[in-house]
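Notes to accompany the following structure.
Computed from the coordinates by the stated procedures, all read-outs in this text should not be read as laboratory data. Fair warning: this is a prediction, and the values are worked out from it, not measured in the lab. Note that we place each Cβ from the backbone using ideal geometry, even for glycine, and neighbour counts take in every protein chain shown.
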Amino acid sequence: MGRRMKEIKSLPEDFGTLAICALRYCMGRETYMPGLVRDIIRPHLSELKDKTITVMLMDCEWQAKSNCYGHERIDKPGWLTWRIELENEKNRRGL
């Protein structure tokens, strides 16, 4: 106890890759994890590469086709909101 964690340093593309992996892990899960992961990524959307946003949107499309939202009333609204946020970021960039 008493030991402090060192700061984790990474390149922006590393964070984007980690974000994609974390979101994919969360798809279909009915826990607090999807909301937590989205909340961690959300403030950094503008820092992510265009390709990362595109991949995340493709994953959202797969999620919709596969009906992989988790609970219809609890989890699905958060995922649908997330997709809108990604689409807004894409439009903001003119992609």
- Answer label for semi-axes √(5λ) of the Cα gyration tensor in Å (calculated), chosen among [x] 23, 19, 11; [y] 48, 19, 7; [z] 25, 14, 13: [x]
- Task: Report the charge-dipole magnitude of the chain in Debye, nearest 20, computed about the Cα centre from +1 at each Lys and Arg Cβ and -1 at each Asp and Glu Cβ.
- Result: 240 debye
- Note on the structure: Computed, not fitted: 222 nm per-residue ellipticity of the chain from DSSP H runs ≥ 4 (each -39500 (n - 2.57)), nearest 500, equal to -20500 deg cm²/dmol
- For E13, put the label point 7 Å out on the Cα→Cβ axis and report which residues of segment 39-61 keep their amide N under 12 Å from it. 49-52
- Message: Can you give the longest run of the chain that contains no trypsin sites (Lys or Arg not before Pro) sitting in a DSSP loop with at most 12 other Cβ atoms inside 10 Å?
- Response: 10-72
